[in-house]
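The values are calculated or read from the model by the stated rules, or taken from the named source; none is laboratory data. These figures come from a predicted structure and were not determined experimentally. We place every Cβ from the backbone using ideal geometry, glycine too, and count neighbours over all the protein chains shown.
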Amino acid sequence: MVEKLREYFNKQPRIGTLSTANREGMVDSAVFGSPMMTDEKTVVMALGNGRTLEYLNENPHAVYLIMEPGQSFDDWKGLRVYLKMTESATSGEALETFRSRIAEMAGSEAAAMVYAAVTFTITEVRPLIDMGQRWEESI
């Protein structure tokens with residue numbers, strides 16, 4: 001089950017949206033392709049020095065939505081992966097690893113925008129469209 005989630009989460013190419021809220025409840029949602037699930041409970045990603053990181057520093061809870069269109073509403077695939085930030089590094093090996101990987105995929109300009117390497121713990125996984133099924137049936 002965990003390996004199925006990891007394979008789906010890390011499948012490329014793919015993008016998803018990371019939604020966050022600050023301490024006052026103001027919401028932000030941004031598109032990302034960089035999150036990677038490294039083990040059964042851990043997600044890491046690269047962030048710029050923007051609103052997403054600002055909000056995570058105020059409130060560590062977020063949700064990452066992965067969506068794949070289908071032929072009809074019932075055919076859409078995807079997950080809601082609920083996260084809690086556990087670490088944010090603005091220097092060091094983790095950050096440089098992300099910068100190198102992003103430079104290979106998207107170029108040096110994109111890599112230069114990376115400000116932080118962020119680590120999350122997965123707190124819950126739910127289907128994108130919840131019709132009472134388990135998440136495994138949604139991918």
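Looking only at region 95-139, how many residues end up being surrounded by 12 or more Cβ atoms within 10 Å (Cβ to Cβ), in contact with a strand residue (DSSP E or B) (Cβ under 9 Å, 6 or more places away or on another chain), over 21 Å from residue 53 (Cα atoms) and not charged (D, E, K, R)?
Selection size over region 95-139: 7.
Every residue in region 107-139 that is more than 19 Å from residue 90 (Cα to Cα) and part of a loop (DSSP other than H, G, I, E, B), please.
Residues satisfying the conditions are 107, 128, 129, 130, 131, 132, 133, 134, 139.
Give the residues of region 108-139 that are modelled with pLDDT under 90, under 21 Å from residue 44 (Cα atoms) and acidic (Asp, Glu), sorted by residue number.
Result: 109, single match.
Considering only residues that are farther than 14 Å from residue 81 by Cα and not in a strand (DSSP E or B), which ones fall in region 34-54?
34, 48, 49, 50, 51, 52, 53, 54
Quick one: how many residues across region 55-81 are surrounded by 15 or more Cβ atoms within 10 Å (Cβ to Cβ) and assigned to a loop (DSSP other than H, G, I, E, B)?
The qualifying residues number 3.
Which members of region 60-100 meet the condition of being out of contact with any Lys or Arg (no Cβ under 7 Å at 6 or more places or on another chain), charged (D, E, K, R) and without any contact (Cβ under 8 Å) to a residue 60 or more places away in the chain?
Passing the criteria: 74, 75, 84, 87, 93, 96, 99.
Filter region 25-84 down to the residues that are basic (Lys, Arg) and within 23 Å of residue 136 (Cα to Cα) and list them by number. Steps first, answer last, please.
Initial filter on region 25-84 (basic (Lys, Arg)): 41, 51, 77, 80, 84.
Selection gives 41, 77, 80, 84.
Pick from region 77-93 the residues that are hydrophobic (A, V, I, L, M, F, W, C) and over 18 Å from residue 57 (Cα atoms): which of them is modelled with the lowest pLDDT?
Among those that are hydrophobic (A, V, I, L, M, F, W, C) and over 18 Å from residue 57 (Cα atoms), it is 79.
How do the pairs read when you match residues in region 11-37 that are under 12 Å from residue 63 (Cα atoms) with residues anywhere that are part of a loop (DSSP other than H, G, I, E, B) and among the polar types (S, T, N, Q), using Cβ under 8 Å and keeping only pairs 6 or more apart or on different chains?
Here the result reads 20/59; 21/59; 28/22, each pair linking region 11-37 to a residue that is part of a loop (DSSP other than H, G, I, E, B) and among the polar types (S, T, N, Q).
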